[in-house]
Every structure is written in C-alpha cells, then in structure tokens.
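Reading through the structure tokens given below for one structure.
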Protein chains: 2
Amino acid sequence: MNNVELWRELGQQFRVDSIRTAAAAKSGHPTSGMSAADLMAVLVAKYLRYDFDRPDDPRNDKLVFSKGHASTLLYAIFRAVGAIDDEELLTYRQHGSRLEGHPTPVIPWVDVATGSLGQGLPIGVGMALGAKRLERGPTRVWVLHGDSEMAEGSVWEAFEHAAHYELDNLTAVLDVNRLGQRGETMVGWKTDVYVKRAEAFGWHAIEIDGHDVEAIDRAYAEALETSGRPTVVVARTLKGKGVAAVENKPGFHGKALDDPEAAIAELGGKRDLQIDVAKPSGDPPAQPTGAKPVQLPTWQIGEEVATRLAYGEALTAMGAADGWVVALDGEVSNSTYAEIFAKAHPERYFEMFIAEQQLVAAAVGLQTRGWKPFASTFAAFFSRAYDFIRMAAISQANLRLSGSHAGVSIGEDGPSQMALEDIAALRAVHGSTVLHPCDANQTARLVQAMAAREGISYLRTLRPATPVLYGPDEDFPIGGSKVPRSSDDDEVAIVGAGITVHEALKAADALADEGISARVIDLYSIKPLDAETLRDAAEVTGGRIVTVEDHWAEGGLGEAVLAAFAEAEERPRVKVLAVTGMPHSGKPAELLAAAGIDADHIAQAARELVSAGVRA
Amino acid sequence: MNNVELWRELGQQFRVDSIRTAAAAKSGHPTSGMSAADLMAVLVAKYLRYDFDRPDDPRNDKLVFSKGHASTLLYAIFRAVGAIDDEELLTYRQHGSRLEGHPTPVIPWVDVATGSLGQGLPIGVGMALGAKRLERGPTRVWVLHGDSEMAEGSVWEAFEHAAHYELDNLTAVLDVNRLGQRGETMVGWKTDVYVKRAEAFGWHAIEIDGHDVEAIDRAYAEALETSGRPTVVVARTLKGKGVAAVENKPGFHGKALDDPEAAIAELGGKRDLQIDVAKPSGDPPAQPTGAKPVQLPTWQIGEEVATRLAYGEALTAMGAADGWVVALDGEVSNSTYAEIFAKAHPERYFEMFIAEQQLVAAAVGLQTRGWKPFASTFAAFFSRAYDFIRMAAISQANLRLSGSHAGVSIGEDGPSQMALEDIAALRAVHGSTVLHPCDANQTARLVQAMAAREGISYLRTLRPATPVLYGPDEDFPIGGSKVPRSSDDDEVAIVGAGITVHEALKAADALADEGISARVIDLYSIKPLDAETLRDAAEVTGGRIVTVEDHWAEGGLGEAVLAAFAEAEERPRVKVLAVTGMPHSGKPAELLAAAGIDADHIAQAARELVSAGVRA
C-alpha cells in the first residue's frame, strides 16, 4: 500500500471505528468524527511526532481535539497507533472506562479536557507559546477544530494572540462540515470566509477539500514550512462522510447510527491497520534550573501595603527562585502588580491583553508541560473565564489565579469593577483552593504556597493599602487561619478575611471599650478552611459567631463557615454579614458602611448576639 | 457658528468637562474620554435622535458606551444636552451621586451598565435586533467602542451576529487611540487591520481621522446610507488629545490630570454650549398585543417527562399568551427544547449559535425595550457568559435563563457537559432567582412565574425524563416549596430539588420499610427559599435534615439551607450530600450512586442522623 492508499484506508478505519464505538455505547457523535477522519489519518500517519510510550516527553507534539465530541475519532486513532486495543475501544462511555464521552486527561495521551467548545485553540496557544518561547523545543501543536465552534469569541482571542506571538508551531485543522447540532452554521461551506477572517487576524490559511488526502498532505507540509505565523487548514468536509444514510444530512448529530452494520459494510468493513507514529527526535529542550531558596519580600508590622502589591513582589521572588514559574496578565499588570514580575523576568511573562478567556487558557496550556503559571487580572474579570476555569478542573490543571480589586473596598470605580461573586464561583470549582489574605506578609507566604499547590488555586487581593498585621516569620499554611485577637473570656467571635479582618479588629476594639471580649479570626484560607479553630471559637463563645465578608452572602465566607458546622454536635448561631444592595461609587469607607460590613456593623451584630442569649 | 465650528467647540467642551469632572473626583479616565470627544460631538449635534425627557420612547436611538471608563465624556454629553447641570456634573464618583465611575442605569439615559470591556457591542446587537426585527421602529444603535477591548472575543461574536442578522441599524464607533491601560494594543494604529477584520466579518468599515469633524460627519452619513449590514467607523485618535502633557503618552490611563487648570486653559477654557438633540419622529412602533390568558401545557401524574421538554412547551404557551415573550438559544435548541418555541413563534426566536456571551448579551439588549427574553443553553455553558450575567444584574436587567442538562444525571456525555457549579454561580448574582423543578407541571408554572419576574431568574432543568409528581392544578410560587411526603412522626427531613427529589422519595420508601418516617421537601425555589417549611421540618424531626443536590457542595442547595438557619434559635444538624469527586461518563443511575447522591446514600445519611441522637 502506498501512502495515499494507506491514508485513505486509515480514514475509512477511523470512520468504521467511530461507528463501532458509538454503536457499542448507543450514543456519541460518530458523524462528527467521520468528517475529520481523513484529516486525522494524514496527520497521524505522516506528520505527528509523538511517543505514545512517553506522553510526558517534552519533545512530543501536542494534539488537541477542540471538537471534543469527536472523541470516537480520537479513540480510533489511539487504537490505530496501538495505544489501546479493540476491546478497550468498545468500552466507550461505559462507567469505569477512561474513554469518556468527551476526552479528559484520565487518558495519558490527552493533555486537557475538551467538550466545552472554543477552548481547544486558546489552550493550544498556551502550549505553542510554551514550546516556542520557553521550551524552545520541536513541539508542534495541532488543534482539530470544529466549524460550529468558530462562533465562540474565545476562538478569535486565540487567533489574535497566536498571530501576535508569531506561533508558527501552531496549526489549526478546521473541519468545515457545515452542520452544527441543530442546523447549518452561520458560514456554512463558504470556506473563503474563514480564510479571509484568519488572514485578517494574521494567520496563514490554506483552503482544501478535507477528504482529498493528497491535498491534506500538501497543506500540512505547507504549514510546516510557514514561519512567523500560525497556519489554519480550512477543510471543506462532509459530516457523516461515506455513509449515505447520514452523509451531509441534518438530524444526525450526537447519535449512534441506526444501522451500524450496514454503514460499516458501506465503508468496506472493519480494518485493523496499525500505524507507527513517528517519535520525536533531537535533544530534549533545556529545562529551567531547579528551585533555589526563596527570598520572599518582607514588610514590617504597621506598614501600609496593598496585598496586590505584595502579590507582585512575592511572585517576582518566586520567579527568581523557581525557573518554572511564569506569569500572565490581562492588560492590567500595573494594577495587579504582575508588572514587577514582567520587569524582572521578561522572558517568562506573557501579556494576554484584555482577553481573559485566552489568559486562563494560555495558563492551562502552559501547565501541561510543567510550567507553573500565575494568571492575574481584576478578580471581577475572572468571571469572563469561568467556563475555562471550570474546564481546567476537569483537565486536572495546576493553575494559579490572582484576582485583584476584590469587593466594595475598591471605591470610586463602581460595581462593574468589584468582585462580589468570586469566592462563590471559585469555591464551586472541583478541588480548588481559595485564599484571601489581609496583609502583605501573609500574601507573600500564600503566593509561595500556591506555587507548590496542585489543582486550581485562587488568591483574592485588595486594591487599598492595609496595615501589616503579621511579622515576616509567621507561617500561613493553606487550610490554616490566624487569630489576631483572643482570650479565654471571649463572648463572641468575628470571622473575616481580607479587608474585613481590619474592620473586625476595629470592631473588637469598640466592643472591648464596652466590656465585650471579641475573638477575631482571620480566615485567609477560605477553602480548605480551618474548622478546628472555628470550633474552638464556637466553644469558647458559647456558639456566637459573626462572619463578615466583602462579597455577596451567597456561597461566600459565611456559608463556608456554616458548612464547617453543618454536622457538628454544637452548631453556633452565626450572623452572616455580607454586601447587601448593589454598591455604587464612593470612598472605600463609605462603601463598607453602606454595604453593612464595616466595623460599626460588625460591632452591632456582635452586640446583638451577645445580648441574645446566656453563654452556654 | 457653523456646524463644523460647533462640532469642534463641542469636542473641546467635552474634553474640558472630562478634565473638570476627573479633577473634582481626583480619579477617573479623562484621557479616554478626550480621544472620543470629537466623535461624540458630531454624533450628538447632528445624528443622534433622542428625547432626553422621554428616555423610554421606543423611537429613541440607543447610545451605548462600551468603553464605560470614558464616563466623563458621557456625563459631559449629558450636561451639553441639558440633562444634567454643571453642579451635578461635578458630583462625579461621589457616594450618592448617580454619576458613577462607570455608567449604570441608575441614570435614566443609560440602558445598561458597562465597565467590563467587550460587552457594549454584543448588547448593542440585542438592541438592534429588537429594533429591526421586533419593533421595526426608527431606532439606530450607536456603540462607542474602545480599541483595547477589541481583544475580547465577545466583540467578534457581536461582529458575526450583527452581520448574520444584517443589522444595518447598528453603528460601532471605534476609538483607536492605540493605548490601553498599561501600553499599546496588539494592533496599535494599524487601523487597516480593524477594517480588514470587520469586512471579513461582513461589516461595512470606514477609516477616518477621529479628530476631523468633517470626516466624522461623512462617515456617519455613510453609515446611515448603508443597508443590509452594520457599519464600523474606525477612527484613528489621540488619547488625551489636546493637552500636550498627556496627549498620546502612556502612563496617563485612569488618572485625573496633574494640572487640570493648565490643561483647561490649553483647550481654550470652560465652555457652556447647549445642544438641542433632535428628537425622534414618526409614529411609535407597533407594540405587541397585551397578555392573553395562558394555556399552560399539563401532564398527568406518573407520566415520564423531562423538565427541559416541559420548559420548551411552557415557553411556547407563554409566547402565545404574551407577545413580549421572546426566546434565544445557543445552537442547542433541540436539546433545550427552545425549538418548540422557534417553530411556533419564529418571528420572536433568535438563534445565537455557539456564542453564549452573545446569547446573554442579546437578551440584555432586548429587555431594555421591555421584551421578555428567555435565553437557553446547557446549564454548564452559562458559565461562559458569567461576566455578562454579573453585569446584567448591575444593568438592572430582567432576564430569564434556562439551563438544561444539569448535573451528573445527564449520563454518558461526561463532566464537560454537566453543570455542577451553576447554583452557586447564579445564587451569587445580585437579586437573582434560582429555580430547579423536578417535574413537568412544576416546570411549566415556574416558567410562567419567570415571565412576570423582575431581575435575573434562572431555571435549571434535567436531561432525563422524570415522573410527574404533581397535578397540573398545583401552585408553585417562587419562594415556596413542596412537601410530597410528611407526617407528624417524621424523624428526619430530606431536602432536594430536581433529580434528587426522586431519589429522596425512593430513600423515604426504603426508610419507611425500616420504620423510619422521613419527610421529603422539594426545594424547587432555591433562591428565594421557603425558610418556614424548613423550620417546621427541623422542629418536627428534632433538628435532623439531609440535603441532597446534583451539584458541588460549595454554594449549592445545602449551603442555602444552612444559611436559612444561620441565626435561628434552633439550628438543625444538616448532612449535606453533594457530588464528590470528578464524575466521569456512565449511566445516570451509576453516576448518581458514584457521586453519593442516590437513594441509597440518602437513606444511609438519614439513618446516621436518626441513630445519632434522641429526638428533641
């Protein structure tokens, strides 16, 4: 068999296997795999450089199925390259099988989860950025892309950034099968429209018939030869190609075929071609030097420092100690203070401009090779990338996010710039860590802890300067808390984090003047949280707790505290103070008062609890 | 003064007023207003059709400041047109002033809040769609757009949809001042790049010098004459134009000028031009006929119906009864069943394709004219538009969202398609309503209630068919609950919603066989919730509650229940059952079991509570 015949046969095998797997599962998207079968056949047989025995080899190419619903095709590839056998292939979508409905990194040859459309290319940008600018290795990133998902704005963020960073090691394979889930796309088969758009965004674009294997071959060769810009292969294809009952017909998305036996026969029957995918060659790329001792910045107690500034300085120190640490920011680095890192370590800083989806996606892409990305923007604007953060958890990504300008304490800029839902949103990410420091030394230590942390960790920082409460030698373990004010006579405990710790201390002073002893707990680690310290406080105070947060009540610090006591023997009475009413512009102190979370409101809540009942 | 002189003078007045307001506030973004001053001068003096005494006139044009940080310019316009006086202008950013740091609808002439960049144009698409396809009135939508925010993918969703829907009543005014917050944009002053991109997306594009008022005049005239497609005026401008100390210089974003007096003198001093903005003319557009009696679909108890199907049918009935009801969907209408509405009321259905940000933004735009949009997609994919939902709350939008395929009960498609954080995310939206029905009749009534509801309401529906529990005549008020199983001897209460109500009933059956009487509470209204029914249950059972949800524990139903008891005299012991561990593909029953939220796990949790303590 010559190459051309092999590619054609392999494409047919991928189609047959797509139909077989979906038939076994009685669900799946076989027609979406069938349109891209020839595109993938030529890729794996000739162009892909990948050692399936060593998926962590940093010289490997990356293959991302942005159209994750075409998983039958991906798994058909895995069978053809010998990574899985036929028996496993037919476990598709069964509980316990690693061959899920949409690919996830449960599979060793899958770097990131896909299935939320429009994410594969921005993540691929991160991978290609890492390969080109950090690893400087031979890795080429191939992204199989659907045409329906071209409607996602995140795709155009990726197009712009890939061209801006001249990522000629990135190739998008656009499978223009015309048909989405419920009908035709806006563009249909007008492939010249995609070409024009891609070119306007600075890409090289090649228009082909996606079932002509020789044209596919030429296109990939041209992509490899193109320097200074990424390439998109715009391939006109037929959904369900090769099976008359479904080919190019609407109504067959996301369904196993009605008559798989007939369809397989029409395609020429089952095949068992095995492909030796070419392994990468050459020396492995140089890796950053290992960790050196960290020289964290320190501040003196009583200094006034914004925690966002401490973030920038601590991150810069981490960057000096650990060559794997990289930083990205969404065009606000002079507000988040990521700019300090950018100046110190320019080769490991990536400006992502005002494109928060690409910001997070690039970080997800970078961490697939062991880089430790810290991505920063205003805390409010991570809401723009919430789907990417959600998916990053499914991708088992180790991701560090730093959101500045949390809450009403930002002042005059008004509610659009105030994160008031970020604690809720980030707590509800699987395996996440949510940190909210109140002072600079604490911030620095938490940044250090984040660098070593697995999963998705989120640091919430403040715009205004706050007094340093803790000395530079104090420890702030994740899952811990601090108790800056306590005695055995405490009648009430006030639990805050960030700006509200400072308000709580003022409230405790006021209460002390009235003869009420109040404990103050700084719950800087909101998830996981220090249940033991909370329980102690409940016991000492006879079950009287005030929580206070610069955030909406729902899903925030107060509810996290309530959850810690849900099943406890003794469950305290908890007054949850949180932002009430939509904030407006104003001075921070005015806004904290208007929101009902300043020292006066805290003291009043504490008084009410103390007067409400006799201590236990 | 002839027109040209007037426009130039007005532009200078806008610059002076931008400087004055920021100087009074000691913050703000005057240089961002100064670049667009001439563009807005010609617009308000000649092209805008708006009755400032009647902001609700449906013939008015719409003016959206997508670059909301240029609020000094917007407020300068309001002074020039006589809407506010000089005294109010100088209250900018003060607490209590309606002139906030970024514009919000606290101001009667502002339709939507901006300040999260890249949202104005997609919202403008919704407004233009309503004006062209529903109102068929004279409204033209003008969007002042920054160049930095062109990096947001949402902008390209808007470009594509505006062209697809041939919105020739939409004009984007692109203020290319080259400088973002911390440096130059990716495109800089290469305005031809924006032209190429816009044209590739189907727009008419006009490249001008944004300080040449005659060129601006010609461009707007050309936009008005352009039919069949939207127009973008790509205007090269100078940030801080007219003041040498800041003009075209980095480092002056978001700051009041150092020497406002000198700057004002350089611009020729304060001016007090007053502009009579032309009022709209012609007959008001026809309005939909008023509400007719609703004929909701009904189902018999015991039928198996998916709540997503009930949504589609109920929405269609609402559409028949109320001409203001419109529907939008993100290319999954055959899954969400919005397709039923689309077939019945095609003129009031808008396909938004796979572009969830544009989906929500279009709904926000439509509701500014009183339309009642219901926007649907998979519940998981509203996470893509979370920033738009957050901002919609600041916009005081009345918005109905319907998310299907919630939780692990979807089965084989896997975690990327499972919403497990949506309750947390939507609860943490100011003033939101979060509903999660378990049967078809309940769903239908809640859809009806949503149509009449203010604020942002969210309906969470299920993929699998579930048995109808309630007769068609039952009421399901928002803020209420149902108690399908109860007695005076109940020893434990199980609180669920959606799929878990059915699991709870099975658990109650199993417990009854063991002699344990369990109350089942269907908390279909998660926000607001029925605290009284929960308190009754706590009292009867001696404080033993199991909550169970197909969602992560954080911010979900369990925490909502805990919050309801936070300050109560008697606080029950609550076992919170929620999804633990990342789900995979599998059958719904397998996944409910693996997640620890099926009937067996519920029964076991109830047993543990009952055996743990003597009843109070």
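The values are calculated or read from the model by the stated rules, or taken from the named source; none is laboratory data. None of the values given here were measured: they were computed from a predicted structure. So basically every Cβ, Gly included, is an ideal-geometry build from the backbone, and we count neighbours across all protein chains shown. Each accessible area value is taken on the protein alone, full model and side chains, heavy atoms only, with ligands, DNA and RNA left out. Shrake-Rupley method; radii C 1.70, N 1.55, O 1.52, S 1.80 Å.
What about A:ASP85, is it out of contact with any Asp or Glu (no Cβ under 9 Å at 6 or more places or on another chain), touching a residue at least 12 places away in the same chain (Cβ under 8 Å) and not aliphatic (A, V, I, L, M)? Against the criterion (out of contact with any Asp or Glu (no Cβ under 9 Å at 6 or more places or on another chain), touching a residue at least 12 places away in the same chain (Cβ under 8 Å) and not aliphatic (A, V, I, L, M)), A:ASP85 does not qualify.
Please indicate, with yes or no, whether at least one residue in segment B:413-424 is modelled with pLDDT of 95 or more, more than 14 Å from chain A (Cβ to nearest Cβ), in contact with a Phe, Trp or Tyr (Cβ under 9 Å, 6 or more places away or on another chain) and in a loop (DSSP other than H, G, I, E, B). Looking for residues that are modelled with pLDDT of 95 or more, more than 14 Å from chain A (Cβ to nearest Cβ), in contact with a Phe, Trp or Tyr (Cβ under 9 Å, 6 or more places away or on another chain) and in a loop (DSSP other than H, G, I, E, B), one finds none in segment B:413-424, hence no.
State yes or no: is A:ARG229 over 30 Å from B:GLY411 (Cα atoms) and within 14 Å of another protein chain (Cβ to nearest Cβ)? So A:ARG229 fits the description; yes. Each residue in segment A:579-588 was checked for being surrounded by 22 or more Cβ atoms within 10 Å (Cβ to Cβ) and either within 9 Å of chain B (Cβ to nearest Cβ) or closer than 24 Å to B:ARG571 by Cα (or both), and 4 of them qualify. Among the conditions (1) among the polar types (S, T, N, Q); (2) within 31 Å of the chain's Cα centre (by Cα); (3) surrounded by fewer than 24 Cβ atoms within 10 Å (Cβ to Cβ), the only one that A:SER32 does not satisfy is (3).
Taking the conditions (1) surrounded by fewer than 24 Cβ atoms within 10 Å (Cβ to Cβ); (2) among the hydroxyl-bearing types (Ser, Thr, Tyr); (3) in contact (Cβ under 8 Å) with a residue 40 or more places away in the chain in turn, B:SER97 satisfies each one other than (3).
Answer with yes or no whether B:ASP600 is charged (D, E, K, R) and out of contact with any Lys or Arg (no Cβ under 6 Å at 6 or more places or on another chain). Considered against the rule, which asks whether it is charged (D, E, K, R) and out of contact with any Lys or Arg (no Cβ under 6 Å at 6 or more places or on another chain), B:ASP600 comes out as yes.
Could you tell me whether any residue of segment A:175-183 is more than 14 Å from every other protein chain (Cβ to nearest Cβ) and either small (Gly, Ala, Ser) or touching an Asp or Glu at 6+ places or on another chain (Cβ under 6 Å) (or both)? Yes, segment A:175-183 contains at least one residue that is more than 14 Å from every other protein chain (Cβ to nearest Cβ) and either small (Gly, Ala, Ser) or touching an Asp or Glu at 6+ places or on another chain (Cβ under 6 Å) (or both).
I'd like to know if segment B:421-428 contains one or more residues that are open to solvent by less than 10 Å² (accessible area, probe 1.4 Å), β-branched (Val, Ile, Thr), over 18 Å from B:ALA595 (Cα atoms) and under 20 Å from the mean Cα position of the chain (by Cα). Checking segment B:421-428: not a single residue is open to solvent by less than 10 Å² (accessible area, probe 1.4 Å), β-branched (Val, Ile, Thr), over 18 Å from B:ALA595 (Cα atoms) and under 20 Å from the mean Cα position of the chain (by Cα).
Okay, residues lined up against (1) within 11 Å of chain B (Cβ to nearest Cβ); (2) surrounded by fewer than 22 Cβ atoms within 10 Å (Cβ to Cβ); (3) not in a loop (DSSP other than H, G, I, E, B):
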residue: A:LEU309; (1), (2), (3): no, yes, yes
residue: A:LEU315; (1), (2), (3): no, no, yes
residue: A:MET318; (1), (2), (3): no, no, yes
residue: A:GLY323; (1), (2), (3): no, yes, no
residue: A:VAL326; (1), (2), (3): no, no, yes
residue: A:GLU339; (1), (2), (3): yes, yes, yes
residue: A:ALA342; (1), (2), (3): yes, no, yes
residue: A:GLU347; (1), (2), (3): no, yes, yes
residue: A:PHE350; (1), (2), (3): no, no, yes
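Yes/no per residue for (1) facing another protein chain (nearest Cβ under 8 Å); (2) small (Gly, Ala, Ser):
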position	(1), (2)
B:GLY82	no, yes
B:ASP86	no, no
B:ARG93	yes, no
B:GLY96	yes, yes
B:GLY101	yes, yes
B:PRO105	no, no
B:GLN119	no, no
B:VAL125	no, no
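Scanning segment A:46-61 for residues that are among the charged types (D, E, K, R) and either open to solvent by less than 10 Å² (accessible area, probe 1.4 Å) or assigned to a loop (DSSP other than H, G, I, E, B) (or both) turns up A:ASP51, A:ASP53, A:ARG54, A:ASP56, A:ASP57, A:ARG59, A:ASP61. Check whether at least one residue in segment A:168-181 is without any contact (Cβ under 8 Å) to a residue 40 or more places away in the chain, surrounded by fewer than 24 Cβ atoms within 10 Å (Cβ to Cβ) and not hydroxyl-bearing (Ser, Thr, Tyr), and report yes or no. No, because not a single residue in segment A:168-181 is without any contact (Cβ under 8 Å) to a residue 40 or more places away in the chain, surrounded by fewer than 24 Cβ atoms within 10 Å (Cβ to Cβ) and not hydroxyl-bearing (Ser, Thr, Tyr).
The conditions of being buried (at least 22 other Cβ atoms within 10 Å of the Cβ), in a helix (DSSP H, G or I) and either of a type in the set (A, V, I, L, M) or in contact with a Cys (Cβ under 7 Å, 6 or more places away or on another chain) (or both) are met by A:VAL42. For segment A:335-365, residues that are more than 11 Å from the chain's Cα centre (by Cα) and of a type outside the set (Phe, Trp, Tyr) total 16. On the basis of being over 21 Å from A:TYR47 (Cα atoms), without any contact (Cβ under 8 Å) to a residue 40 or more places away in the chain and within 14 Å of chain B (Cβ to nearest Cβ), does A:ALA198 make the cut? For A:ALA198, the condition - over 21 Å from A:TYR47 (Cα atoms), without any contact (Cβ under 8 Å) to a residue 40 or more places away in the chain and within 14 Å of chain B (Cβ to nearest Cβ) - is met. The lone criterion from (1) touching a residue at least 12 places away in the same chain (Cβ under 8 Å); (2) outside any helix (DSSP H, G or I); (3) surrounded by fewer than 24 Cβ atoms within 10 Å (Cβ to Cβ) left unmet by A:GLU9 is number (2).
For segment B:352-377, a residue qualifies if it is open to solvent by 10 Å² or more (accessible area, probe 1.4 Å) and away from chain A (no Cβ under 12 Å), and the qualifying residues are B:GLN367, B:THR368, B:ARG369, B:GLY370, B:TRP371, B:LYS372. Would you check which residues across segment B:128-163 are part of a helix (DSSP H, G or I), touching a strand residue (DSSP E or B) at 6+ places or on another chain (Cβ under 9 Å), more than 28 Å from A:SER333 (Cα to Cα) and open to solvent by 10 Å² or more (accessible area, probe 1.4 Å) and list them? Of everything in segment B:128-163, those that are part of a helix (DSSP H, G or I), touching a strand residue (DSSP E or B) at 6+ places or on another chain (Cβ under 9 Å), more than 28 Å from A:SER333 (Cα to Cα) and open to solvent by 10 Å² or more (accessible area, probe 1.4 Å) turn out to be B:LYS132, B:ARG133, B:LEU134.
Screening the candidates B:ALA385, B:ALA393, B:ALA380 for the property of being open to solvent by 10 Å² or more (accessible area, probe 1.4 Å), part of a helix (DSSP H, G or I) and farther than 24 Å from B:GLU135 by Cβ yields one hit, B:ALA393. Within the bounds of segment A:595-607, is there any residue that is within 9 Å of chain B (Cβ to nearest Cβ) and modelled with pLDDT of 95 or more? Checked against the condition, which is being within 9 Å of chain B (Cβ to nearest Cβ) and modelled with pLDDT of 95 or more, segment A:595-607 yields no hits at all.
Residues in segment A:593-609 that are part of a helix (DSSP H, G or I) and either open to solvent by 10 Å² or more (accessible area, probe 1.4 Å) or of a type in the set (Phe, Trp, Tyr) (or both): A:ALA593, A:ALA594, A:ALA599, A:ASP600, A:HIS601, A:GLN604, A:ARG607, A:GLU608. Being more than 7 Å from every other protein chain (Cβ to nearest Cβ) and under 18 Å from A:PRO122 (Cβ atoms) is the filter here; which residues of segment A:378-392 pass it? Correct list: A:PHE382, A:ALA385, A:PHE388, A:ILE389, A:ALA392.
Scan segment B:470-515 for residues that are under 32 Å from the mean Cα position of the chain (by Cα) and closer than 20 Å to B:ALA578 by Cβ and the total you get is 9.
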